[in-house]
Every structure is written in C-alpha cells, then in structure tokens.
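S.K.: This structure is in structure tokens; I'll ask about it shortly.
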Amino acid sequence: MDEARRERLIKKYARKPVAGADGPKHGPGREGMAVKKPENTKEAVKRLLFYLNADTPKLLFVLFCVVVGTVSSLAGSYMLRPIINGLTEKGGSAQKLLASLLTMAAVYAVGILAQYLQQRIMITISQGALERIRNDLFHRLQKLPVRFYDTNNNGDIMSRFTNDLDAVGDMLNNTVIQIISSTINVVGTFCLMLYTNVWLTIITVVMVPLMLKAAGFVAARSRKYYQAQQAAIGTLNGYVEETVTGQKVVKVFCHEEIAQEEFEYLNYDLRDKQIFAQFFGGIMGPVMGNLSQVSYSLTAMIGGILCVLRGFDIGGLTVFVNYSRQFSRPINELSMQMNTIFSALAGAERVFKIMDEEPEAEDGPDAVELNSCQGHVILKDVTFGYNPDKTILKHISLYAKPGQKIALVGSTGAGKTTITNLINRFYDIDEGSITIDGVDIRQIRRDSLRKNIAMVLQDTHLFTGTIRENIRYGRLDATDEEVVEAAKLASADHFIKRLEDGYDTMIEGDGANLSQGQRQLLNIARAAISKAPVLILDEATSSVDTRTERHIEHGMDRLMAQRTTLVIAHRLSTVRNANAIMVLENGEIIERGDHDELLAMKGRYYELYTGKKELD
C-alpha cells in the first residue's frame with residue numbers, strides 16, 4: 001500500500017465525515033464537525049471522582065479499611081524489632097517469643113480482613129460508577145442532534161462504550177484504592193523510619209526525587225502513546241464495523257483482498273501504537289524496581305556500619321531495611337499500573353468528549369404542543385446549508401394540503417432529502433420559514449412535531465425483537481389489534497401470517513431473515529400505526545422489485561389517504577398520480593405542476609421521464 005493511500009485511509013476512518021449535498025449520510029468516510037480538544041489529565045481525574053461521590057459513605061468505610069490495613073502492616077513490621085532484639089540479647093525466652101509471634105499474627109490477620117473488605121466494597125463502588133457513566137453517556141447520545149450521528153463513525157462511538165469504559169473500569173477496580181493505600185503507606189512508613197533512625201531515613205529519602213524524576217519522564221511519554229492507542233482502537237473498530245455491515249458489497253465487487261490489505265494496515269498501525277504504549281508503560285516497573293534496589297543496598301550497607309560503630313540495634317536495622325523497601329514499594333506498585341492508568345485516562349477523555357458534545361437545542365419556553373394536527377405544510381422562501389460556506393437549498397417554497405401527495409424529483413444532490421430533514425427539524429433553516437397548520441416549526445416542541453410526522457426511508461432498520469414489537473415501535477401504546485390493522489393497511493399481513501410464528505416471529509440482524517420488500521412493508525406498517533398526519537416517503541421503493549413495489553404502493557396508497565404526503569422518488573412512474581410534482585436542480589425548484597402539465601412543458605421533467613436525459 002503506497003504512502004498516499006495510507007494517509008487517506010487513516011484520515012477517512014480517524015476523522016469525522018462531512019455533510020454531502022443532499023444531506024449527510026450515516027457512517028464514516030467524510031470530514032466533518034470540529035472536535036473539542038481532549039480534556040487534560042487533571043480534569044479527567046476530577047470528573048471520574050465526581051462519579052464516585054454517590055458512594056461517599058462506602059468510600060469512607062473503604063478509607064477506614066485502608067488505614068486499618070496499612071497500620072496493621074506497619075505495626076506488624078515494627079514488631080520484628082523487639083522479637084529480633086530478644087533473640088540476640090540475653091534473657092529471651094520461648095514464651096515471650098511465642099506471645100510476640102501470636103500478637104504479630106493477630107495484627108496481620110486484622111490487616112488481611114481490612115484488605116479483603118476494602119477490595120470487595122471498592123469493586124461495588126467502581127461498578128456503580130461505571131453504571132452511572134454508561135447511563136450518562138447513553139443519555140447524552142439520546143440528546144445529541146442527528147447531525148452528530150450523520151457525521152460520526154458508528155464503530156468509534158461503540159468503542160467508547162466498550163474499550164474505553166473497560167479501561168476505566170480496570171483502573172477504578174484496582175488503581176484508585178491502590179493510590180489511597182500507597183499514600184497512607186508512604187506517610188506511615190516515613191514516620192516510623194524517622195522514629196527508627198534519622199540518618200538512614202535521609203539516605204532513603206534522597207533517592208525519592210531520582211525515582212520521581214524517572215517516573216515523570218516515562219509517564220509523560222506513556223500518556224501520549226496511550227492516547228494514540230485508544231484513538232487507533234476506535235479507528236480500527238470503525239473500519240471493522242463498516243466492513244462487516246457492508247460484507248455483501250465487499251464480496252459483490254471482489255474487494256476482499258483490498259479490505260484485508262486496509263485492515264492489515266490499520267491493525268499494523270494499532271500494533272505500532274500499542275508497542276510504544278505498552279513499552280513505556282512496562283518499563284516503569286523495572287526502572288523503579290532497580291532504583292529501589294539501589295536504595296535498599298545503600299541502606300543495608302550504611303545500617304550495618306552503624307550497628308558496628310554506633311551501637312545501632314540489629315532489630316532496628318532489620319525493621320528499617322524492611323521499611324526502606326516498603327517505602328519504595330507503593331511507588332513501584334503504581335508504576336506497574338501506569339499502563340492501566342494512562343489507558344483509562346485516555347479512554348475517559350474520549351468518553352467525556354462525547355458527553356461534552358452540544359446536545360440538540362432545548363425547546364424554547366414558549367414552545368407549543370402540536371395538538372389535533374391537520375397537516376397543512378408550508379415552506380416559504382427556505383434557504384439552508386449544512387456548512388455556512390455552501391448553500392444547499394435556495395429560496396424553496398411549496399404548500400402541501402391534507403390528503404395531497406407532493407412529489408420531489410430531481411438529480412442526486414439536488415436537495416430533496418434535505419427538505420425532509422428540515423421539516424423534521426433535524427436541522428434548523430438559515431432563512432425563510434416552515435409552518436405546520438400555520439405554526440412555525442421552531443415554535444413547536446420537537447417531540448410533538450415528530451410525533452405528527454411519519455417517515456418511510458429507503459434504508460430500512462428493524463430492531464431485534466418480534467415483528468409485532470417492530471411494528472409497535474411506531475406507537476408503543478398500540479394494541480395487538482391495531483398492530484394487525486396497520487400490517488393490513490401496509491399489505492404486510494399476508495406474508496406475516498405465512499411465517500411460522502406469525503407476528504411473534506423474531507427478527508435478528510436488522511431483518512436478515514426477511515426480504516428487502518418485506519422489511520420495507522414492516523416499515524410502512526410502523527408508519528401506519530403512528531397515525532401521524534404528515535407522511536414522508538424517501539425512496540421507499542427504489543430497492544425492491546416491480547412486483548413487491550406494487551404491494552408497497554398499494555400499502556402506501558392506503559397509508560396516504562387523508563394524510564399530507566411528501567414523496568421523494570427516482571422512479572418517476574411512482575409519482576404519476578401526485579397532486580403536484582416539484583423538480584429540483586441545484587437546490588432550487590425549477591419546475592412544478594402535475595404529471596401531465598410537466599410533460600406538456602417539455603422541460604427537465606419531460607427529459608427525465610422520457611429518458612432523453614438520464615437522472616444524474
């Protein structure tokens with residue numbers, strides 16, 4: 001793979017896509033919205049701690065257990081001093097030794113119990129925090145505008161829920177409590193070291209800045225590479241998600257080898273970033289361990305000299321040597337977990353980046369409910385562009401009455417789908433106005449507006465569940481009888497009854513066990529059960545055969561009765577009976593009228609219909 005192609009591949013899946021002429025399309029592949037700068041480490045830690053606040057009483061108990069466990073460990077270690085001194089001095093007895101050993105065992109037993117409780121409770125706390133993070137992340141996704149999903153890679157979004165949150169979970173399960181325990185351990189050990197021998201303490205403490213300097217050097221590089229690793233994981237997931245979803249297309253065009261080559265490159269890129277991340281995360285332990293051994297050796301050597309020349313007791317030396325190792329051990333333990341820490345912080349930043357995305361604008365305080373909607377839809381002098389520097393629609397005006405069927409035809413990219421996006425208020429217009437029953441849609445509550453609009457799209461989407469549940473998705477309070485009536489209205493009842501389990505047939509894999517036409521009929525039934533007075537059909541029959549198209553058209557004809565219907569179609573034969581046909585070109589309506597009137601004009605519509613000029 002040449003270098004230019006590699007760069008295009010990385011940009012394609014690592015950057016966000018941009019809106020096309022006829023509206024943004026789902027999935028990766030285009031440049032898009034700007035991304036906020038990643039949160040810094042301090043901010044990420046602060047926000048993670050916020051999710052632990054709900055379990056403050058449990059955290060306090062865990063803190064108590066940590067203190068008890070640390071004090072028990074320190075006290076047990078210090079008890080070696082009188083035991084060893086008793087063995088090396090005259091007057092020692094087996095009874096005193098046994099009593100001392102039993103006391104030490106009891107102290108350590110208390111510490112073991114405290115450590116068990118702190119670990120058990122901390123796991124509960126961390127999993128609760130993860131649950132709250134997932135809830136907030138999913139809640140934010142429900143609040144984000146359609147623009148976000150149109151311009152973001154689905155696989156990368158999924159990676160935030162899986163890989164990134166898993167990394168955060170690993171850190172919360174172990175590292176948080178490790179930091180608290182290590183801090184208390186260092187403070188307690190330092191105090192006992194001072195009490196045991198000041199000079200040896202100075203020698204041990206002198207090594208600390210050197211250890212911190214080494215840790216900082218490695219940590220700075222680890223954080224950078226772990227951020228790159230998490231981004232590369234998201235990129236690879238995005239490619240896998242798109243390739244698996246489009247596997248039929250890959251096979252039809254014999255792109256298996258190309259897909260394999262591109263995957264290998266992205267996988268290779270991830271491997272390189274993981275090597276650097278794991279290397280710098282992994283060398284922290286050995287570096288700190290070796291420095292700790294140097295400190296330990298110096299302490300033992302000078303302590304031995306003090307025992308010979310200054311009368312320092314052997315028990316004190318034994319305890320201090322143990323403390324010198326215990327003093328550096330928390331730093332070593334944290335260094336060993338640097339890969340977990342930086343992977344988690346990089347993942348947390350990616351999760352919080354989505355949480356910081358601007359949600360769909362709130363409805364204004366004077367927003368109204370669209371009750372008893374009749375379906376009078378008016379677009380007046382509407383101008384709009386997905387990007388400020390490029391206008392897609394230019395001064396569009398049209399009027400649709402209840403019971404009317406208005407068709408939008410024209411070349412790809414002319415702006416047909418954009419009009420339907422604006423009516424649903426997925427995007428806000430730049431100029432002009434759109435009203436329903438005389439009320440500007442910007443003054444209508446979004447949920448009320450969309451409840452009164454049903455859409456049947458070219459790309460069907462069915463959820464895992466029964467056919468009955470998928471139809472009822474259009475109106476969750478619909479009865480079983482209403483589900484059947486909607487299926488009959490959509491001409492779907494006849495094929496549903498032929499299925500082994502009828503309406504209770506399970507749908508999986510986005511309806512892989514159904515034909516394209518059957519999936520589309522279920523979509524129409526879903527729109528029918530919503531009873532919305534405004535109906536939008538966006539290329540609803542473009543991907544089915546002629547026989548199935550007739551079934552779908554019969555269903556749609558019954559569905560369109562007494563409703564305001566906007567139809568986008570490339571097959572002009574499907575809009576012959578429309579009350580009015582709008583011909584769009586470059587974002588402008590260049591012709592309008594019914595089928596016969598437009599043919600008589602012998603303009604653009606005549607060229608499209610007769611085939612003298614093919615649709616772009």
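S.K.: Of all residues being touching a residue at least 12 places away in the same chain (Cβ under 8 Å) and among the small types (Gly, Ala, Ser) in the stretch 362-373, which is surrounded by the fewest Cβ atoms within 10 Å (Cβ to Cβ)? Just the residue, please.
M.R.: The residue in question is 364.
S.K.: Next question, about the same structure. Restricting to helices (runs of 4 or more DSSP H) lying wholly in the stretch 57-176: which have 3 or more residues that are under 18 Å from the mean Cα position of the chain (by Cα) and within 24 Å of residue 340 (Cβ to Cβ)?
M.R.: Fully inside the stretch 57-176 and qualifying: 94-143, 154-159, 165-170.
S.K.: Additional query: Take the residues in the stretch 577-614 that are among the charged types (D, E, K, R) and assigned to a strand (DSSP E or B), then tell me which one is least open to solvent (accessible area, probe 1.4 Å).
M.R.: First pass over the stretch 577-614, keeping only residues among the charged types (D, E, K, R): 585, 588, 591-592, 594, 596-597, 602, 604, 607, 612-614.
Then keep just the ones that are assigned to a strand (DSSP E or B); that gives 585, 588, 591-592.
Details: 585: 40, 588: 82, 591: 19, 592: 117 Å².
Among those residues, the one meeting the criterion is 591.
S.K.: I would also like to ask the following. Provide a single number: the residues in the stretch 300-319 that are touching a helix residue (DSSP H, G or I) at 6+ places or on another chain (Cβ under 9 Å), surrounded by fewer than 18 Cβ atoms within 10 Å (Cβ to Cβ) and of a type in the set (Gly, Ala, Ser).
M.R.: Matching residues across the stretch 300-319 total 2.
S.K.: Please work out which one of (1) open to solvent by 20 Å² or more (accessible area, probe 1.4 Å); (2) in contact (Cβ under 8 Å) with a residue 12 or more places away in the chain is the condition residue 131 fails and give its number.
M.R.: Here residue 131 meets the rest and fails (2).
S.K.: Please pick out the residue among 430, 493, 459 that is among the charged types (D, E, K, R) and under 27 Å from the mean Cα position of the chain (by Cα). It would help to see each step written out before you state the result.
M.R.: Values: 430 fails: under 27 Å from the mean Cα position of the chain (by Cα); 493 fails: under 27 Å from the mean Cα position of the chain (by Cα).
That would be 459, the only listed residue that is among the charged types (D, E, K, R) and under 27 Å from the mean Cα position of the chain (by Cα).
S.K.: Do we find that residue 347 is under 30 Å from residue 228 (Cα atoms), open to solvent by less than 20 Å² (accessible area, probe 1.4 Å) and touching a residue at least 24 places away in the same chain (Cβ under 8 Å) in this structure?
M.R.: yes
S.K.: Enumerate the helices (runs of 4 or more DSSP H) found wholly within the stretch 463-537, keeping only those where 2 or more residues are touching a Ser or Thr at 6+ places or on another chain (Cβ under 8 Å).
M.R.: The helices (runs of 4 or more DSSP H) meeting that bar are 516-530.
S.K.: Which of the numbered conditions does residue 208 fail, given that it passes all the others? Conditions: (1) surrounded by 16 or more Cβ atoms within 10 Å (Cβ to Cβ); (2) farther than 30 Å from residue 49 by Cα.
M.R.: (2)
Yes/no per residue for (1) on the phi < 0 side of the Ramachandran plot; (2) in contact with a helix residue (DSSP H, G or I) (Cβ under 7 Å, 6 or more places away or on another chain):
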position: 359; (1), (2): yes, yes
position: 370; (1), (2): yes, yes
position: 375; (1), (2): no, no
position: 399; (1), (2): yes, no
position: 403; (1), (2): no, no
position: 412; (1), (2): yes, no
position: 420; (1), (2): yes, no
position: 427; (1), (2): yes, yes
position: 439; (1), (2): yes, no
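S.K.: Output the residues belonging to the stretch 398-423 that are crowded, with 17+ Cβ neighbours inside 10 Å and assigned to a loop (DSSP other than H, G, I, E, B). Even if it seems obvious, please write down each step before you answer.
M.R.: The first filter runs over the stretch 398-423 and keeps only residues crowded, with 17+ Cβ neighbours inside 10 Å, leaving 398, 400, 404-411, 413-423.
Once the filter is applied, which keeps residues that are crowded, with 17+ Cβ neighbours inside 10 Å and assigned to a loop (DSSP other than H, G, I, E, B), the stretch 398-423 yields 404, 411, 413, 414, 415.
S.K.: If a residue must be open to solvent by less than 50 Å² (accessible area, probe 1.4 Å) and modelled with pLDDT of 85 or more, how many such residues does the stretch 474-490 contain?
M.R.: 6
S.K.: Answer yes or no as to whether residue 274 is touching an Asp or Glu at 6+ places or on another chain (Cβ under 7 Å) and touching a residue at least 12 places away in the same chain (Cβ under 8 Å).
M.R.: Details: touching an Asp or Glu at 6+ places or on another chain (Cβ under 7 Å): no; touching a residue at least 12 places away in the same chain (Cβ under 8 Å): yes.
The answer is no for residue 274.
S.K.: For the subset of the stretch 236-291 comprising residues that are open to solvent by 40 Å² or more (accessible area, probe 1.4 Å) and in a loop (DSSP other than H, G, I, E, B), which member is modelled with the lowest pLDDT?
M.R.: 253
S.K.: Within the stretch 431-457, track down each residue that is among the polar types (S, T, N, Q) and surrounded by 19 or more Cβ atoms within 10 Å (Cβ to Cβ). Walk me through how you get there before you give the answer.
M.R.: Our first condition is that a residue be among the polar types (S, T, N, Q); within the stretch 431-457, this holds for 433, 435, 443, 448, 452.
Result: 452, single match.
S.K.: Within the stretch 424-436, which residues are hydrophobic (A, V, I, L, M, F, W, C) and either in contact with a His (Cβ under 6 Å, 6 or more places away or on another chain) or part of a strand (DSSP E or B) (or both)?
M.R.: Filtering the stretch 424-436 for residues hydrophobic (A, V, I, L, M, F, W, C) gives 426, 429, 434, 436.
Within the stretch 424-436, 434, 436 qualify.
S.K.: While we're here: If only one of 496, 467 is closer than 29 Å to residue 417 by Cβ and either free of Cβ contacts under 8 Å to residues at least 24 places away in the same chain or open to solvent by less than 10 Å² (accessible area, probe 1.4 Å) (or both), which one is it? Walk me through it before giving the result.
M.R.: Details: 496 fails: closer than 29 Å to residue 417 by Cβ.
Going through 496, 467 in turn, just one is closer than 29 Å to residue 417 by Cβ and either free of Cβ contacts under 8 Å to residues at least 24 places away in the same chain or open to solvent by less than 10 Å² (accessible area, probe 1.4 Å) (or both): 467.
The values are calculated or read from the model by the stated rules, or taken from the named source; none is laboratory data. As the structure is a computational prediction, the values presented were derived from the model and not from experiment. Neighbour counts run over all protein chains shown; Cβ positions are idealised from the backbone, glycine included. Please note that ligands, DNA and RNA were not included when accessible areas were found on the heavy atoms of the full protein model with its side chains. Shrake-Rupley method; radii C 1.70, N 1.55, O 1.52, S 1.80 Å.
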